[in-house]
Amino acid sequence: MRSFRILTPRDVATAVDQLPATRGPATREDARVLAGGQDILTELKHDLIAPEALVDLSSIAGLEGHERTPDGGLRIGAMTRLVDLERDASLAGAFAVLREAAASVASPQIRTQATVGGNLCQRPRCAYYRHSHAPCIKKGGSECFAATGHNKYNAIFGGGPSYIVHPSDLAPALVALNAEAVVVGPRGERRMPLENFFTLPSEGSILRENVLGKNEVLSELIVPKPADGTVSTYLKFRERESYDFALVAVACTLRIDGSKLASASLVLGGVAPIPWRATRAEVLLANAEVGVDLVRRAAQASIEGAAPLSENGYKLPLTRNLVWKALTALGAGGAR
Ligand SMILES: Cc1cc2nc3c(=O)[nH]c(=O)nc-3n(C[C@H](O)[C@H](O)[C@H](O)COP(=O)(O)OP(=O)(O)OC[C@H]3O[C@@H](n4cnc5c(N)ncnc54)[C@H](O)[C@@H]3O)c2cc1C
């Protein structure tokens, strides 16, 4: 690991100023954001990146913490620790999906350090990307080795030219809750649906997983008030129960009105380079009569359009079954 300086800005504007501009003067130092360090320190140790400086966001007051907004939504600072979401018992009903997703991340030790912003901005876990000697396309090479190599953990949706999956557990949960991302850069603040924050490899820069410019910082997430009566859950299937990334995860929110589904949001994790909205299933669920048959059809619709690679066909039945389980648990199958 090469040595680096740690910069400790007191406010977001200074942090932005300490980051290199996308097309800034060549003399500008190469600095990266440091949050809880649970991902970026590994990248440094494995020589995947070698910045001259880290801009430590923990020195900025006001980025940590989450609170209810006056209208019943949620504001979450980017430096909020995952353990704070996990331990907040008031995150129930519509917000249970967020608490359950936070609790599913890594180990208790990591959740104590890791932040919401870092979780959403963490880099891919694909073994080829993480191998310092594999010049994969995500690191500026010309090839995605997973396309024809080992791809058990890779994408079944939205792949090409890279087949990474987005590793964040919070991302599907926050997208299912229709969260907005607040991004601060040299020209001030911009807001966007979190869903639009993430980019497919075929869209933005292949070297990034989101719309953040080099000199931009994710400062907070705003979750709008969910409709009264909304319930939610996060289900994650992993190889190791102790701690592991998702093979497949499902973030689901829904509201039942009488015998009908008034609204439903279904976002998958572990299957695509971005949190993947199961749009076909959502369309099928909208305003439909609850019942076992609806759940079965929605679960099947959630895997339509998938394009599995040589080693990850198992993700299809896994996804279908997890969606079935989530919808059933939330009552979409009718009274049990
Ligand atoms: C053993 C292990 C198991 C894990 N299991 C899981 C798991 O099951 N689920 C899961 O979701 N994750 C898992 N992770 C990943 C870990 O949870 C995330 O890496 C963690 O949430 C990152 O948060 P952090 O604050 O430590 O980020 P850092 O490591 O500090 O930063 C991560 C990246 O995001 C950038 N960044 C951070 N904050 C901001 C910001 N506000 N604005 C712009 N850029 C920013 C950094 O520059 C860096 O590139 C695991 C990690 C380990 C080591």
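Quick check on segment 56-76. Is at least one of its residues near the ligand (Cβ under 10 Å from one of its atoms), modelled with pLDDT of 95 or more, farther than 15 Å from Val217 by Cβ and part of a strand (DSSP E or B)? Checked segment 56-76: no residue is near the ligand (Cβ under 10 Å from one of its atoms), modelled with pLDDT of 95 or more, farther than 15 Å from Val217 by Cβ and part of a strand (DSSP E or B).
Given the criteria within 13 Å of the ligand (Cβ to nearest atom) and assigned to a loop (DSSP other than H, G, I, E, B), does Asn178 qualify? So Asn178 does not fit the description; no. Is it the case that segment 85-96 has a residue that's buried (at least 20 other Cβ atoms within 10 Å of the Cβ), among the hydrophobic types (A, V, I, L, M, F, W, C), at pLDDT 95 or above and in contact with a Phe, Trp or Tyr (Cβ under 6 Å, 6 or more places away or on another chain)? Checked against the condition, which is being buried (at least 20 other Cβ atoms within 10 Å of the Cβ), among the hydrophobic types (A, V, I, L, M, F, W, C), at pLDDT 95 or above and in contact with a Phe, Trp or Tyr (Cβ under 6 Å, 6 or more places away or on another chain), segment 85-96 yields no hits at all.
Within segment 104-152, restricting attention to residues that are in a loop (DSSP other than H, G, I, E, B) and of a type in the set (Val, Ile, Thr), the residue that is surrounded by the most Cβ atoms within 10 Å (Cβ to Cβ) is Val105. Looking at segment 49-64 only, could you name the residues that are crowded, with 17+ Cβ neighbours inside 10 Å, among the hydrophobic types (A, V, I, L, M, F, W, C) and more than 7 Å from Met79 (Cβ to Cβ)? Residues satisfying the conditions are Ala53, Leu54, Val55, Ile60. Only one of the numbered conditions (1) surrounded by fewer than 24 Cβ atoms within 10 Å (Cβ to Cβ); (2) in a strand (DSSP E or B); (3) within 13 Å of the chain's Cα centre (by Cα); (4) of a type in the set (A, V, I, L, M, F, W, C) is not met by Met192, and that is (3). Residues in segment 29-38 that are within 19 Å of Val83 (Cβ to Cβ) and crowded, with 19+ Cβ neighbours inside 10 Å: Leu34, Ala35, Gly36, Gln38.
Of all residues in segment 210-269, those being more than 16 Å from the chain's Cα centre (by Cα), part of a strand (DSSP E or B) and charged (D, E, K, R) number 3. If you filter segment 195-207 down to residues that are within 14 Å of the ligand (Cβ to nearest atom) and not in a loop (DSSP other than H, G, I, E, B), you find that the one that is surrounded by the most Cβ atoms within 10 Å (Cβ to Cβ) is Phe197. Per this entry, Arg99 is counted among residues that are more than 9 Å from the ligand (Cβ to nearest atom), among the basic types (Lys, Arg) and either assigned to a helix (DSSP H, G or I) or over 19 Å from the mean Cα position of the chain (by Cα) (or both). Is segment 148-157 home to any residue that is more than 16 Å from the ligand (Cβ to nearest atom) and free of Cβ contacts under 8 Å to residues at least 40 places away in the same chain? The answer is yes, given that some residue of segment 148-157 is more than 16 Å from the ligand (Cβ to nearest atom) and free of Cβ contacts under 8 Å to residues at least 40 places away in the same chain.
Can you tell me which residue within segment 208-250, out of those that are within 12 Å of the ligand (Cβ to nearest atom) and aliphatic (A, V, I, L, M), is surrounded by the fewest Cβ atoms within 10 Å (Cβ to Cβ)?
Val211
Taking the conditions exactly as written (at pLDDT 95 or above, among the aliphatic types (A, V, I, L, M) and either more than 16 Å from the ligand (Cβ to nearest atom) or over 11 Å from the mean Cα position of the chain (by Cα) (or both)), does Ala171 satisfy them or not? Here the answer is no, as Ala171 does not meet what is asked. Within segment 33-53, residues that are within 16 Å of Asn215 (Cα to Cα) and more than 10 Å from the ligand (Cβ to nearest atom) sit with their Cβ atoms under 7 Å from residues that are not in a strand (DSSP E or B) and not polar (S, T, N, Q), at 6+ positions apart or across chains, in these pairs: Glu52/Phe4; Glu52/Glu29; Glu52/Asp30; Ala53/Phe4; Ala53/Glu29.
Inspect all residues belonging to segment 272-295 and state whether any of them is surrounded by 14 or more Cβ atoms within 10 Å (Cβ to Cβ) and part of a strand (DSSP E or B). Looking for residues that are surrounded by 14 or more Cβ atoms within 10 Å (Cβ to Cβ) and part of a strand (DSSP E or B), one finds at least one in segment 272-295, hence yes. Of the residues Val116, Val165, Val83, Val183, the single one that is more than 9 Å from the ligand (Cβ to nearest atom) and closer than 19 Å to Ile222 by Cα is Val83.
The values are calculated or read from the model by the stated rules, or taken from the named source; none is laboratory data. Computed from a prediction, not measured in an experiment: that's the story for all the values here. Note: ideal-geometry Cβ built from the backbone for every residue, glycine included; neighbour counts use all protein chains shown.
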